[in-house]
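S.K.: One structure, pasted below without further comment.
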Amino acid sequence: MDLPDEQRPAGRLLGDELRFHRERLGYTLADAAHVIRASTSKVSRLERGESPAKPRDVHDLALFYGLTREQRCQLEQLLAQAGNADLYARFADVTPNFLKRLIRMERSANRICVFDPRVVPGLLQTEAYARAIVRYMEVGLPDADIERIVALRMQRQVMIDQGSPALAALIGEDVLYRICGDADVMAEQIEFLLKATLTKGINVRIVRKEVMMPPYPIFHLTFPDGDWDELAYVEHLDGANYITQKRQLDKYRRLLLNVRANAYERKDSAAALERALQCWKQETAAVSSN
């Protein structure tokens, strides 16, 4: 039996989480199948979010994988949402791994639309820009840990470099003038964005600075499995909400459409980037001459 359309995104999240723990521990599909007294094909469908998960199966797998109480709670939230979507418009993920879950979902998406009113989206950050942000946000973190976080951000870009998924990035014009690191870092970042505007599969649009925008980052992912297979991810300071309900998805889709309507077209977006680049190059030259 397949999952109903509205429950499939939540089932995909649950299955992805189960597969992550199985592969992390080095277990095979056969190992997991033995635990839940099922075939390997059933486990495979469960991990792909194609068939409904039984609470007993999820519980037994969680015990077999030796998951912590916090990790089991995450699975229970996902199970509840996948099993009765009417009761859950969203679930709050407050674990340190909330972004890692998004990264795993990005890999199976065929299109990503991202808006961030604060910084350049992570999928389009240069290494130096990402490092400056991490140093600012993770006060007191050892350099080695900072470099691991930066490396993780860079790894997210590999799939974009390969042309899949397609990426639409909506970036506030103010972001181009908000310094992260120094003028050299900003100039390099904006040059990178200019190159991205010429890259197949990437659509960079700059949102006019005078317009009202949502104060939080929004990701919208679509998957190649059907019209309802989509997911929104709304980030806050210490976590994120994953949105799978149609009504809530409609809300965030409309928000992104409103942001897009207030963005420059492709040619004017490139011109806005050129203006910001010249600004940072002038500042770099002024610093060098002093």
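S.K.: So for the range 201-218 (the condition being touching a Leu at 6+ places or on another chain (Cβ under 7 Å), free of Cβ contacts under 8 Å to residues at least 24 places away in the same chain and surrounded by 14 or more Cβ atoms within 10 Å (Cβ to Cβ)), does at least one residue qualify?
M.R.: No, the range 201-218 has no match at all.
S.K.: Return the total of residues in the range 175-191 being open to solvent by less than 70 Å² (accessible area, probe 1.4 Å) and in a helix (DSSP H, G or I).
M.R.: 8
S.K.: Now for a different question. Scan the range 232-261 for residues that are surrounded by fewer than 15 Cβ atoms within 10 Å (Cβ to Cβ) and part of a loop (DSSP other than H, G, I, E, B) and jot them down.
M.R.: Across the range 232-261, the qualifying residues are Leu237, Asp238.
S.K.: Among the residues of the range 122-147, write down those that are in a helix (DSSP H, G or I) and open to solvent by less than 50 Å² (accessible area, probe 1.4 Å).
M.R.: Of everything in the range 122-147, those that are in a helix (DSSP H, G or I) and open to solvent by less than 50 Å² (accessible area, probe 1.4 Å) turn out to be Gly122, Leu123, Leu124, Ala128, Tyr129, Ala130, Ala132, Ile133, Val134, Asp145, Ile146.
S.K.: Against the condition buried (at least 18 other Cβ atoms within 10 Å of the Cβ), of a type in the set (Phe, Trp, Tyr), modelled with pLDDT of 80 or more and farther than 15 Å from Gly15 by Cα, how does Phe115 come out, does it pass?
M.R.: yes
S.K.: Out of contact with any Gly (no Cβ under 7 Å at 6 or more places or on another chain), in contact (Cβ under 8 Å) with a residue 40 or more places away in the chain and open to solvent by 80 Å² or more (accessible area, probe 1.4 Å), is that true of Lys281?
M.R.: Against the criterion (out of contact with any Gly (no Cβ under 7 Å at 6 or more places or on another chain), in contact (Cβ under 8 Å) with a residue 40 or more places away in the chain and open to solvent by 80 Å² or more (accessible area, probe 1.4 Å)), Lys281 qualifies.
The values are calculated or read from the model by the stated rules, or taken from the named source; none is laboratory data. Bear in mind that the values here come from a model prediction, so they are computed numbers and not experimental data. Neighbour counts are summed over all protein chains in view; Cβ atoms, including those assigned to glycine, are modelled from backbone coordinates with ideal geometry. We work out accessible area using only protein heavy atoms, side chains counted, and drop any ligands, DNA or RNA first. Shrake-Rupley method; radii C 1.70, N 1.55, O 1.52, S 1.80 Å.
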